[in-house]
1. Among the residues of segment 26-45, how many are within 14 Å of the ligand (Cβ to nearest atom), touching a helix residue (DSSP H, G or I) at 6+ places or on another chain (Cβ under 6 Å) and within 24 Å of Ser161 (Cβ to Cβ)?
2. What number of residues in segment 93-103 are exposed (fewer than 15 other Cβ atoms within 10 Å of the Cβ) and assigned to a loop (DSSP other than H, G, I, E, B)?
3. Where in segment 169-251 are there helices (runs of 4 or more DSSP H), lying fully within it, with 2 or more residues that are buried (at least 17 other Cβ atoms within 10 Å of the Cβ) and free of Cβ contacts under 8 Å to residues at least 40 places away in the same chain?
4. Which of (1) without any contact (Cβ under 8 Å) to a residue 60 or more places away in the chain; (2) within 16 Å of the ligand (Cβ to nearest atom); (3) closer than 24 Å to Ser164 by Cβ; (4) under 22 Å from the mean Cα position of the chain (by Cα) does Asn95 not meet, given it meets every other one?
Amino acid sequence: MALLWKLLVASAGIALAVYFYTGQDDFKPEMLKGKRAIVTGASSGIGEQMAYHLARMGSHIVITARTEEKLRKVVSKCLELGAASARYIAGSMDNMEFAERVVKEAEKVLGGLDFLILNHIGLTYFNYFDGDVGHIRKLLEINLLSYATMTVAALPMLKESGGSIIVISSVAGKMGLPLTVPYSTTKFALDGFFSSLRQEFYFQKTNVSITLCVLSYIDTDSALSIVADSIDTRPASKEECALAIIKGGALRQREVYFQYWFTKIPLLLRDWAPDFLDSMIRKDYNMEKIVKH
Ligand SMILES: NC(=O)c1ccc[n+]([C@@H]2O[C@H](COP(=O)([O-])OP(=O)(O)OC[C@H]3O[C@@H](n4cnc5c(N)ncnc54)[C@H](OP(=O)(O)O)[C@@H]3O)[C@@H](O)[C@H]2O)c1
């Protein structure tokens, strides 16, 4: 165990050094000025905050989610903050025709695309797996297939602009967390789809970057309402998280880890000491607070 700890500390040191000394300071807000972006799931939470950051940086923004009233408010705040333009398209991502339509309408109003930011998630539960495979299928449509559909529709524009796809995932898409079976399934699938596609882009000389964002627990209303009582970790700020994502995407980073300590560092253990990592994860959960189905 002592050797394991030494290895872990050494690896963490190297990882932190790489993190702090590889281009973190190259970001400039002007990089986003006049850029054309679609942000999904932008009526609340991290997506809403990403829209505000892009607005302050002077981007053209098309946002989408289901709730029109919330989207209207986000658009008017984006315009106040300095967006070059801001529009919304309301609808549900369980419908692939809608997913495609968002891209086509954005093309009409923006005349092209620089950033496709895929962030929305469907509603699920935080509890023991209830055996409902139909729910997993439905969640895969919203959390994975609509991402793939929008990517396919946006690729011609992104190739033209040398643009970027930013995919919002989670630690639950990199390692096994309890109580998130359907959600985790969809987030692992995103890694498979986009990591494989990134490799193909290399062979095809496709100048489109893919940034997969691996997030820890963030203080959005939905996350707080679902998990606050059940896990001991303190959530990170949604505003800071949104900025880290925008920076990583603009710098065309392969992956963004936020918060670093709660994502990248535990992941160093995943392939070397998986049982140890699993037991560390379990320590954060107050399972007595979970009301079983
Ligand atoms: N917060 C965290 O702790 C955390 C941790 C790790 C990863 N993440 C990831 O970060 C991203 C954002 O999470 P968040 O906490 O900001 O979530 P959130 O506040 O609940 O926002 C989810 C967004 O998705 C939209 N949405 C829900 N169902 C939809 C549907 N069927 N079709 C289209 N849009 C739909 C919601 O708007 P409407 O209801 O109006 O449609 C909302 O705008 C997600 O990908 C999540 O997995 C979050």
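The values are calculated or read from the model by the stated rules, or taken from the named source; none is laboratory data. Remember, it's a predicted structure, so these values are computed and weren't measured experimentally. No Cβ is skipped: glycine too gets one built from the backbone with ideal geometry, and neighbour counts run over all protein chains shown.
1. Looking only at that region, the number is 4.
2. Count: 1.
3. By residue number, 181-204.
4. Only one criterion in (1) without any contact (Cβ under 8 Å) to a residue 60 or more places away in the chain; (2) within 16 Å of the ligand (Cβ to nearest atom); (3) closer than 24 Å to Ser164 by Cβ; (4) under 22 Å from the mean Cα position of the chain (by Cα) is unmet by Asn95, namely (3).
Condition check ((1) modelled with pLDDT of 95 or more; (2) closer than 19 Å to Phe262 by Cα; (3) within 9 Å of the ligand (Cβ to nearest atom)) across all residues:
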{"site": "Met157", "(1), (2), (3)": "yes, no, no"}
{"site": "Phe194", "(1), (2), (3)": "yes, no, no"}
{"site": "Val208", "(1), (2), (3)": "yes, no, no"}
{"site": "Tyr217", "(1), (2), (3)": "yes, yes, yes"}
{"site": "Asp232", "(1), (2), (3)": "no, yes, no"}
{"site": "Ala250", "(1), (2), (3)": "yes, no, no"}
